[in-house]
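For reference, the structure is listed below as C-alpha cells.
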Amino acid sequence: MSGIRFNEALQDEQQDQTSGLMRGLRKTRDILTADIRDLVASTRQIDDDVMEEIETRLLMADVGVETTRSVIDAVNRGIEVGQVSDVTSLIRALRDELVAKLTRYTHRLEIDSKHRPTSILMVGVNGAGKTTTTGKLAKRFQRQGYGVMLAAGDTFRAAAVEQLEEWGRRNHVEVLGQGTGADSASVSFDALSAAKARGTDVLIADTAGRLHTQGGLMDELTKIKRVMKKVDESAPTETLLVVDATQGQNALNQAREFHRAIDLTGLIVTKLDGTAKGGIIFAISHELGLPIRFIGVGESIDDLKEFKPKEFVHALLADSDNEEP
Ligand SMILES: Nc1nc2c(ncn2[C@@H]2O[C@H](COP(=O)(O)OP(=O)(O)OP(=O)(O)O)[C@@H](O)[C@H]2O)c(=O)[nH]1
Ligand SMILES: [Mg+2]
C-alpha cells in the first residue's frame, strides 16, 4: 500500500469500519430485516404473526434457540407495556436485546508494551482463514505502531512457509520459520525466543489447519503451548481460534472442541460476508462465553474488523428507511 493510501486508510478507518460491516453483513441482514417494514405494513401492527416471523428469521440466521427465545420474550414484554408499537421501536428493541447478549464479550485484545512480546497463537480447521488473518492482524498492529514478527508454524502443508514468507517480504514483516516438515513447536519456540530477545511487541504464530477430531494434531497444539511457556510462562498471551462463519453450527462444534482441548482465550470469526448465518456469533458467544476479538467480512486487509457488539448488531439490523447504523 502506498504512503498516501496508507494515510487515507487510517483517516477512513472509522468510516470503513461501518461501511465495510454493512457490506460484509448484507446476507445476514437480508434475512433478518431487509423487508421488515413491508412485513409490519402488511399487518399494520406488530402482532404474534410478525413476532413469529422474526423469531423464525433469527433462528434461520443461526442466532441459536436460547438467545432467540430470550430476545423475543423481551420484545414481547415491550409490546405489552406499549414501549414497542411501531417498526422503528421494534427494531430498536431487537437491537438493544441483541447487543445486551454480546456486551459480556467485548474485551479488546490489548498489547502490553511492558511485557514483550504479546504472543498470539492462531489455531483452527483447514481453510478457516488463519494465515490470511495472521497477515491482516500483522498489518493492523503495524499501523498502530507496534513491531510485529510472525512464526511460520504451518510446517505441514507444502508451500505454507513460503506463502507466509512471501507475504512477509512484501509487507516488511519478519517471518521466522524452519521450512516444511520442521517441528511446529520448535518453530514457535525459536520465534518467541527471538521476539523476546529483540523486544518485539507482537509475535503471531500461524499453525497448520487441523480437525478437532484429530487427536494427534490437537496434542501438537498442546505441545506448542507448552514449549512457548518455556520461553515465557505467560505465553501464549492469546490462543485464538479462527472459525469460518459459513460453516454455521459446525463452527460452534469446532469452537467447543478446540476450547476443551487447548483453552482458547478468544475467537476470530471469518467469512461473515459469505453467509446469511452471521447469527452464529451469538450462539458461539452464548455457549463458550469467550470474547470474539475480530471478525472477517471480506478478503481485503481492511475487512478484518475489531468486534464491537453495538456496531455489529446495528449492521445486522439496519432500519434502511431512515438511518445509517
Ligand atoms: N470472503 C472472505 N474470505 C476470507 C475471509 N478470511 C479469509 N478468507 C479466505 O479464505 C481462504 C482461506 O484462507 P487461509 O488464510 O489460507 O486459511 P487457513 O486457515 O490458513 O488454511 P490452512 O492453512 O489450509 O488450514 C482464502 O482464500 C482467504 O482469502 C473473510 O473474512 N471473507
Ligand atoms: Mg494457513
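None of the figures in this text is laboratory data; all of them are computed from the coordinates on show. What you see is a predicted model, and the numbers here were worked out from it, not measured in a lab. Positions of Cβ are backbone-derived with ideal geometry, glycine not excepted, and every protein chain shown enters the neighbour counts.
Summary table below
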| quantity | calculated |
| --- | --- |
| Amide H within-cut-off set for Glu174, under 5 Å, with H built and near neighbours excluded | Leu150 |
| Net charge, Asp232 excluded, C-beta distance under 10 Å - Lys, Arg +1, Asp, Glu -1 | +3 |
| ³J(HN,Hα) computed for each position of the stretch 207-214 - Karplus, 6.51 cos²θ - 1.76 cosθ + 1.60, integer Hz, glycine/proline x | 9, 6, x, 7, 8, 5, 8, 8 |
| Whole-Å semi-axes of the stretch 118-308's equivalent ellipsoid (Cα gyration tensor) | 24, 19, 15 |
| Exposure rule at most 14 other beta-carbon atoms within 10 Å, DSSP loop GluC sites (Glu not before Pro): the chain longest free segment | 111-232 |
| The chain: radius of gyration and largest Cα-Cα distance (Dmax), Å | 21.2, 68 |
| MRE, 222 nm, helices only [DSSP H, n ≥ 4, -39500 (n - 2.57), over the chain, to nearest 500] | -16500 deg cm²/dmol |
| Relative contact order (%) - criterion: Cα under 8 Å, at least six apart; region: the chain | 26 percent |
| Fluctuation leader among Lys223, Lys27, Lys114 - the chain, Gaussian network, Cα springs under 10 angstrom | Lys114 |
| Within a Gaussian network of the chain (alpha carbon springs, distance under 10 Å), most fluctuating of Gly296, Gly215, Gly20 | Gly215 |
| Top of Leu217, Leu290, Leu94 by mean-square fluctuation, Gaussian network on the chain, Cα under 10 Å | Leu217 |
| Cut-off under 5 Å, modelled amide H: who pairs with Gly266 long-range | Thr239, Leu241 |
| In the stretch 144-201, trypsin sites (Lys or Arg not before Pro) in a DSSP loop with at most 13 other beta-carbon atoms within 10 Å | Arg157 |
